[in-house]
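Engineer: Got a structure for you, written out below as structure tokens; questions coming shortly.
The values are calculated or read from the model by the stated rules, or taken from the named source; none is laboratory data. What you are looking at is a predicted structure, and each value in this text was computed from that prediction instead of being measured. With ideal geometry, Cβ positions are generated from the backbone for all residues, glycine too; neighbour counts draw on all protein chains shown.
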Amino acid sequence: MDDDGALSGDLHRSTTLRARALDAAMALVVARGPDGINLRDIAAELNTGAASLYYHFKNKDALLAEVAAQGFRRLEAEVIQAYDDEQRRAAIRACGYAYLQFIRHNPMLYKLMYSERILTGHEGVRAAERQAFATFAQLIGTQEGDEDDLRNSALTLWALGRGIAALSIAADEAEPGAGRTLATNAVSGLEVLMGRPVRGTIR
């Protein structure tokens, strides 16, 4: 193999390792929460050394920041999908339910997405959050109604979700595992306020 071929192969393996590391980190965050993982755990999942991960990620927070940004992109995609699938339903209900379902199904990922340490330290995460909210508000704004009321409703729903994440983080700090229960109960309360339960259970 010539030098160009070898370089291409190395780049492909490198890119694959990076993607696999993000997938593994995402799975561990969902299962354990962001505080329950480290780079050695991820390296073990991938049958590689921790040093190889430091080539791609400066530290654990850098890796978690990319997972958090992926979480916001996933949330945005699910809101868009719900809007596309439920055009006969008011946009605020379709998008609002999708948002609440995301929190219900992914409490530990959502906790990471709104970790103050991750948000304040990584512009990419803040940008992904701004983009996800902009899409959420834009889609809700497509339904008939007062423009200001719709914008304020989108902001209120988004803020309530962020508040749930903050409470979940505080509960976990006081009693590990309590945050998941708190998030479930808080989302159930929001479902009542929205007027109809969101179907689904925490994975």
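Engineer: Looking only at helices (runs of 4 or more DSSP H) that fall completely inside the stretch 100-159, which ones have 3 or more residues that are β-branched (V, I, T)?
Structural biologist: 123-140
Engineer: Same structure, new question: Which is in contact (Cβ under 8 Å) with a residue 12 or more places away in the chain and surrounded by 17 or more Cβ atoms within 10 Å (Cβ to Cβ), of L155, L150?
Structural biologist: L150
Engineer: Within the stretch 17-54, how many residues are at pLDDT below 85 and β-branched (V, I, T)?
Structural biologist: Of the residues in the stretch 17-54, 1 are at pLDDT below 85 and β-branched (V, I, T).
Engineer: Only one residue in R73, R93 is surrounded by fewer than 18 Cβ atoms within 10 Å (Cβ to Cβ) and within 11 Å of the chain's Cα centre (by Cα). Which one?
Structural biologist: R73
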